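First up is the structure itself, then whatever we jot down about it.
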Amino acid sequence: MELAHYSDYAVRLVNSEEPGQGKDSLTSVEAVRDLFGGNASAARRATDADVTRFRSVRGRLRAVFEAADEGDETLAVDLLNSLLLEFPVSPQISGHDHRDDDGRPLWHMHLADHPSNATAGYAAIAAMGLAFHLTEYGVDRLGLCQAAPCRNAYLDTSTNRSRRYCSDRCATRANVAAYRARKRLAADRSDSSGLAAESAQRTTASGERRPAGGR
């Protein structure tokens, strides 16, 4: 499995809630299992008790993204380190499911998750994946969508560190909103200029009608 896939575990869990819109899809054990994607064996370990535990881990992972988004690198690292200590992983060399053209194993690093329960396993992989991403690309590559009210998490993999939105949909929505705001501002300025010109004309006309001697 690629390290980018591991870090996506964190993004999927954080984005199961949209605080700005009052939405939370993590309400059942089925929703917990869906977060595992193709890792069916790990998903089967999930029970009803994992719903609450997953929500707790979700809040802690979101706090990492929030600290990074606010530019507090030290806090982001400290929060992530606390997760890594609480939910350790066992790195292993794997190749059983990847073969080259000659049928030989393509050896790669695999993160074996914690076997005690579904939450511990998921949290371990999500935290380690996020740690790989942070140390490889930098804390500023962990972001929260700037298209209000969306605050979904994302991992910036752009070449120029320019990503600001979680999706193309949010980017388009933000651009449209910015365009409309500029149009409104231009219209307001035009109206203000028109009113000022009209007022100046009235003042000039009044002065021209005033009798000689100021009376």
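The values are calculated or read from the model by the stated rules, or taken from the named source; none is laboratory data. This one's a predicted model, so the numbers in the text were calculated from it and none came from an experiment. All Cβ positions, even for glycine, are placed from backbone atoms using ideal geometry, and neighbour counts span all protein chains on display.
Please give the strands (runs of 3 or more DSSP E) falling wholly within the range 103-169 in which 3 or more residues are among the aliphatic types (A, V, I, L, M).
Details: elements: 108-112, 142-144, 153-155.
Fully inside the range 103-169 and qualifying: 108-112.
Within the range 11-42, count every residue that is assigned to a loop (DSSP other than H, G, I, E, B) and among the aliphatic types (A, V, I, L, M). Quick ask: steps written out before the conclusion?
Within the range 11-42, the first condition is being assigned to a loop (DSSP other than H, G, I, E, B), and the residues that meet it are 15-16, 22, 25-28, 35-39.
Restricting the remaining residues to those that are among the aliphatic types (A, V, I, L, M) gives 26, 35.
Result for the range 11-42: 2.
Quick check, is Asp8 over 18 Å from Leu144 (Cα atoms) and either charged (D, E, K, R) or part of a helix (DSSP H, G or I) (or both)? Working first, answer last.
Working: over 18 Å from Leu144 (Cα atoms): no; either charged (D, E, K, R) or part of a helix (DSSP H, G or I) (or both): yes.
It is false that Asp8 is over 18 Å from Leu144 (Cα atoms) and either charged (D, E, K, R) or part of a helix (DSSP H, G or I) (or both).
Evaluate the range 57-74: report whether one residue or more is more than 16 Å from the chain's Cα centre (by Cα), in the same structural domain as Asp156 (by TED's automatic domain parsing) and farther than 30 Å from Arg164 by Cα.
The answer is no, given that none of the residues of the range 57-74 is more than 16 Å from the chain's Cα centre (by Cα), in the same structural domain as Asp156 (by TED's automatic domain parsing) and farther than 30 Å from Arg164 by Cα.
Being among the aliphatic types (A, V, I, L, M), under 27 Å from Glu136 (Cα atoms) and under 24 Å from the mean Cα position of the chain (by Cα) narrows it down to one of Ala10, Ala31, so name that one. Lay out the reasoning, then the answer.
Numbers: Ala31 fails: under 27 Å from Glu136 (Cα atoms).
Answer to the check: Ala10.
For Ala147, state whether it is touching a Pro at 6+ places or on another chain (Cβ under 7 Å), assigned by TED's automatic domain parsing to the domain that holds Glu18 and either small (Gly, Ala, Ser) or crowded, with 18+ Cβ neighbours inside 10 Å (or both).
It is false that Ala147 is touching a Pro at 6+ places or on another chain (Cβ under 7 Å), assigned by TED's automatic domain parsing to the domain that holds Glu18 and either small (Gly, Ala, Ser) or crowded, with 18+ Cβ neighbours inside 10 Å (or both).
If Ser56 satisfies every condition in (1) at pLDDT 95 or above; (2) among the small types (Gly, Ala, Ser); (3) not in a helix (DSSP H, G or I) but one, which is the exception?
Result: Ser56 fails condition (3) only.
Being among the β-branched types (Val, Ile, Thr), under 17 Å from Ser7 (Cα atoms) and part of a helix (DSSP H, G or I): is that true of Thr74 here? Break it down stepwise before answering.
Working: among the β-branched types (Val, Ile, Thr): yes; under 17 Å from Ser7 (Cα atoms): no; part of a helix (DSSP H, G or I): yes.
Judged against the criteria, Thr74 is not a match.
So that you can scan it fast, the table gives a plain yes or no per residue for (1) touching an Asp or Glu at 6+ places or on another chain (Cβ under 8 Å); (2) surrounded by fewer than 13 Cβ atoms within 10 Å (Cβ to Cβ); (3) more than 23 Å from Arg141 (Cα to Cα):
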residue: Arg44; (1), (2), (3): no, yes, yes
residue: Thr74; (1), (2), (3): no, yes, no
residue: Asp101; (1), (2), (3): no, yes, yes
residue: Pro105; (1), (2), (3): no, no, yes
residue: Met128; (1), (2), (3): no, no, no
